[in-house]
Amino acid sequence: MRQSDVKELIVNMGPQHPATHGVLRLVLELEGEVVKRCTPYIGYLHRGVEKLSEDLTYVQCLPLTDRLDYLSSMINNIGFCLAVEKLMGINIPKRAKFIRTLMGEMARICSHLVWLATHALDIGAMTVFLYTMRDREYLLELFEMVVGARLTVSYPRVGGVRCDINEEFLDKLYRFIEDFPNKIQQYETLIDRNRVWLKRTKGVGVITAEEAINWGLTGPPLRATGVYYDVRKFFPYDAYDEVEFEVPLGKNGDIYDRYKCRMQEMRQSARIIKQCIEKLPTGLVLAEDALRIRMPASPLKIDKKEIQFEVYIEDKKIEEFIQKFPEVYASVESPKGELGFYIVCDHSAKPYRMRVRAPSFVHIAVLPKLCEGFLVADVIANIGSIDIVLGECDR
Amino acid sequence: MDTVYLIFITTVKTAVYFGILLLHVAYATYTERKVIGHIQLRLGPMIVGPHGILQPIADIVKLLFKEDIIPAKADKFIFKLAPFVSLSAALSTFAVIPVNKNWVISDINVGLLYVLGIAGLGTYGVIFSGWASNSKYAFLGSLRSTAQMISYEVALGLSLVGVVLMAESFNLSEIVNRQNEYWYGMFLFPQIIGYFVFVVSMLAETNRLPFDLPEAETELVAGYFVEYSGIRFSLFYLAEYLAMFCMSSLAAICFWGGWSIPPILVKTFPFLSIIPGVVWFLLKVYFHIFLFFWLRGTLPRYRYDQLMAIGWKILIPLALINIVITSLLKIL
Amino acid sequence: MKIEEGINKSLLEILKKIREKYSEEVLWFVCFRDECTVAVKKEKIRDILKYLKDTPSLEFDYLVDLTAVDYLGFREPRFDVVYYLMSIKHKHRIRIKAQVSEQECFIDTVSDIWATANWFERECFDMFGIKFKGHPDLRRILMPEDWIGYPLRKDYPVYSNLGEKEWQTYKELKESAKAWKENETE
């Protein structure tokens with residue numbers, strides 16, 4: 001056959017494909033089984049959250065954030081609330097802080113369990129899926145006990161949380177958390193030292209620390225390369241500066257290290273929850289000054305003195321402009337990475353602009369780099385290992 | 001007159017044999033779901049009949065009545081032909097497999113070669129389906145499957161050479177009889193390397209985990225039969241399970257002494273000889289079937305290049321070493 | 001209001017450094033809730049960001065976010081392209097805003113400085129129509145490729161019946177589905 005007759009096989013993976021975790025579409029150019037080029041196409045789940053939020057009050061925006069990363073909606077809510085609280089300068093009560101931390105870590109465990117389940121399923125280990133679902137179910141039922149919803153919770157409020165938690169909940173949670181490290185042990189016996197698992201994950205999808213920073217990775221994919229960056233430690237929010245935990249780091253930045261990092265992270269989450277239950281203070285769960293933004297919201301009252309500035313050009317209007325549009329950025333460590341909310345406010349009841357810095361979006365961008373030159377099966381392993389949720393990526 | 005009688009009796013035998021075989025296959029699916037279910041902390045089918053015992057029947061009825069979808073761009077003739085090629089290849093192998101003393105449809109002298117040859121024909125069904133579906137996933141799946149089956153057939157064949165050397169025959173009944181001449185009654189012990197190679201290649205030949213690349217759900221959706229539905233889909237499924245049974249029977253016959261009970265066991269426990277040979281045979285077959293299910297419940301999937309490396313770099317050399325050792329022992 | 005005591009000292013240092021180096025470019029500083037924003041002209045944005053990344057005492061090696069804000073009717077030029085930088089070593093963050101007008105709706109790309117900017121800039125182009133000069137692959141990312149308009153601009157309605165301006169592909173899809181259905185019933 002002449003050279004010009006050789007063509008690459010173009011395979012359209014997705015948007016409907018069992019291993020793309022939603023509606024990610026990858027166009028793969030294959031040479032045999034080797035991926036020559038990989039082009040991700042996103043946007044199939046674009047709902048215009050950023051645009052919609054410009055037309056909703058701050059309180060109405062909250063349920064929208066549930067729909068971003070639907071596997072850990074609690075952390076999305078917390079991120080949004082933190083941003084709004086920062087904007088308005090609300091101090092939330094200590095009890096609410098602890099409850100948020102506790103709930104956030106529960107959500108992290110839930111999300112990591114789903115990740116482990118689907119990741120293992122992608123690589124072919126089916127049994128782990130049902131083991132993790134058993135434990136996730138327990139946590140979801142606990143969510144339901146407090147919130148009434150299992151997945152899209154909308155539990156945190158601007159200024160605290162919606163309702164208090166009771167003894168029964170804490171009791172059940174404590175019993176679960178006591179036992180949880182054993183459960184992680186169970187998953188690890190299934191795959192941790194399995195030769196097939198090791199062969200599939202070690203040395204595959206490697207990314208170095210410099211590249212990871214350059215590509216803007218956050219969360220476990222960044223930490224697997226050995227870079228110490230965790231929003232919870234760097235810019236502590238809620239009660240994270242009052243609990244002890246470690247940030248697990250990897251070394252090689254391959255799929256196996258990402259897996260290891262997340263497994264350790266679950267253990268640390270269990271530790272945080274335990275401390276939260278032990279240290280849980282009494283008091284209010286919703287700040288008193290949070291009532292300023294009741295629905296339908298009244299205009300915000302931000303003290304203009306808090307906005308400090310220096311202007312170097314001769315323009316009278318600029319001062320007015322700066323005072324009219326204060327802006328904040330608040331980020332949380334979501335299970336996927338750094339989830340940030342950037343809000344520009346115009347002192348009305350609605351955000352002038354709400355920007356969601358979605359970790360999944362950044363992580364999908366790095367997929368071609370991870371996949372090109374490897375085999376088709378590694379594409380699947382890579383998608384699983386960076387743990388994406390398309391709802392968050394497309395917004 | 002003799003010829004007519006022979007034809008008649010063979011037809012009846014075949015019908016009975018295959019009827020029972022297909023029932024076994026149907027319930028193998030049920031067993032698989034139950035076994036995997038219990039491995040995975042769930043119960044498996046529970047609705048149709050007590051403990052879901054009628055589930056396979058319900059499945060068959062459902063698959064029969066499903067709409068038969070043929071893709072518009074498919075090569076229709078080959079598309080329809082493919083499942084039958086797979087199925088008939090899988091079914092034909094059972095013609096020479098003895099389940100008990102003289103319980104065999106055709107006791108030919110090259111039984112082992114026949115089984116390997118016909119089982120190899122099944123690959124055509126896979127290639128046909130992958131090509132005719134006109135879908136890239138199916139095509140990739142069939143390519144993978146072909147490469148995999150061809151390379152593992154080598155290992156499979158080589159692993160059985162040791163057995164043939166020891167039995168000095170290709171006839172499957174003869175192989176069983178020969179094993180009975182030794183006190184341990186199984187080639188499993190002298191041929192342990194061969195058995196290991198055989199089991200691994202058996203998993204690869206039947207496209208089961210950890211070597212189920214051709215139908216890897218998460219990579220190629222369902223591999224070569226992704227475009228098939230209804231009854232045609234079920235024919236592929238049937239062929240896969242028949243291949244499992246075929247390989248398990250082969251393992252039982254060549255390494256575990258078929259229907260015979262090791263003489264040492266009969267000597268120590270004389271009551272064992274009451275057990276009919278067929279029960280003993282089925283026990284051995286179902287042990288291997290269980291092995292298939294068990295591995296599916298526990299192992300992840302290999303990658304394509306790793307699978308090939310295992311086949312060519314580990315299994316074939318091992319099988320060759322086994323042949324050398326066996327021949328040396330034979331000479332000595 | 002002048003910048004007073006009470007705000008983060010290290011941030012103030014950074015602001016001073018930028019001001020010294022690029023006194024012509026910097027338009028204003030804002031400090032709000034311990035976050036600093038520097039508004040600059042768009043012409044030398046690449047130099048400024050590179051300076052911030054490469055200077056050892058600043059070392060903003062991490063581009064957290066890149067987006068834009070539309071101030072239609074409040075200010076001219078109407079767009080702000082917002083770069084949010086962070087230093088993993090020094091644990092500080094800063095926000096740089098570059099002004100882009102509607103008439104000259106382009107700015108230099110930074111996708112060769114930070115690889116992560118590639119997709120952020122594509123999104124920015126998709127949503128605001130701001131072109132990034134030198135970007136290797138400037139296509140729409142979230143919206144369909146044949147979409148008309150830039151959804152996050154303030155003059156783009158949130159809810160409306162677009163009528164004639166409806167997305168062409170969707171229209172075709174609806175029509176073909178309709179034709180198919182009629183075919184089916186016959």
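The values are calculated or read from the model by the stated rules, or taken from the named source; none is laboratory data. Just so it is clear, the model here is predicted, and its values are computed rather than measured. Methodologically, a virtual Cβ is constructed for each residue, glycine included, from the backbone with ideal geometry; neighbour enumeration extends over all protein chains shown. Each accessible area value is taken on the protein alone, full model and side chains, heavy atoms only, with ligands, DNA and RNA left out. Shrake-Rupley method; radii C 1.70, N 1.55, O 1.52, S 1.80 Å.
Before moving on, here are some points about what is shown:
- Residue list for region C:40-68, restricted to those being at the interface with chain A (Cβ under 9 Å from one of its Cβ atoms), open to solvent by less than 20 Å² (accessible area, probe 1.4 Å) and touching a Lys or Arg at 6+ places or on another chain (Cβ under 7 Å): C:V64, C:D65, C:T67
- Filter pass, A:R258 being part of a helix (DSSP H, G or I) and under 21 Å from A:V379 (Cα atoms): yes
- Which numbered condition B:K34 misses (of (1) among the basic types (K, R); (2) open to solvent by 40 Å² or more (accessible area, probe 1.4 Å); (3) not assigned by TED's automatic domain parsing to the domain that holds B:L238): (2)
- Enumeration of residues in region A:227-240 that are within 12 Å of another protein chain (Cβ to nearest Cβ) and either assigned to a helix (DSSP H, G or I) or open to solvent by 20 Å² or more (accessible area, probe 1.4 Å) (or both): A:Y228, A:V231, A:K233, A:F234, A:F235, A:P236
- Any hit, region A:103-126, residues being more than 14 Å from chain B (Cβ to nearest Cβ), closer than 29 Å to A:A287 by Cα, surrounded by fewer than 19 Cβ atoms within 10 Å (Cβ to Cβ) and in contact with a helix residue (DSSP H, G or I) (Cβ under 9 Å, 6 or more places away or on another chain): no
- Selection over region A:158-171 of residues that are in contact with a Leu (Cβ under 8 Å, 6 or more places away or on another chain) and open to solvent by 70 Å² or more (accessible area, probe 1.4 Å) gives a count of 1.
- If you check B:V110, B:V96, B:V126, B:V163 for being more than 26 Å from B:A309 (Cα to Cα) and open to solvent by less than 30 Å² (accessible area, probe 1.4 Å), only one passes: B:V96.
Conditions (1) assigned to a helix (DSSP H, G or I); (2) among the β-branched types (V, I, T); (3) within 12 Å of another protein chain (Cβ to nearest Cβ), marked per residue:
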| site | (1), (2), (3) |
| --- | --- |
| A:L130 | yes, no, yes |
| A:L151 | no, no, no |
| A:C163 | no, no, no |
| A:Q186 | yes, no, yes |
| A:L198 | yes, no, yes |
| A:G203 | no, no, yes |
| A:L217 | no, no, yes |
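- Taking region B:214-332 as the region of interest, the helices (runs of 4 or more DSSP H) fully inside it that hold 3 or more residues being within 14 Å of chain A (Cβ to nearest Cβ) are B:217-220, B:277-298, B:304-309.
- Within region A:366-390, considering residues that are surrounded by fewer than 24 Cβ atoms within 10 Å (Cβ to Cβ) and within 26 Å of C:V81 (Cβ to Cβ), the one nearest to the other protein chains (Cβ to nearest Cβ): A:K369
- For B:I105, the stated conditions hold: it is of a type in the set (V, I, T) and in contact with a Lys or Arg (Cβ under 7 Å, 6 or more places away or on another chain).
- Among the residues making up region A:35-72, those that are away from chain C (no Cβ under 14 Å) and crowded, with 16+ Cβ neighbours inside 10 Å are A:V35, A:Y58, A:V59, A:L62, A:T65, A:D66, A:R67, A:D69, A:Y70, A:L71, A:S72.
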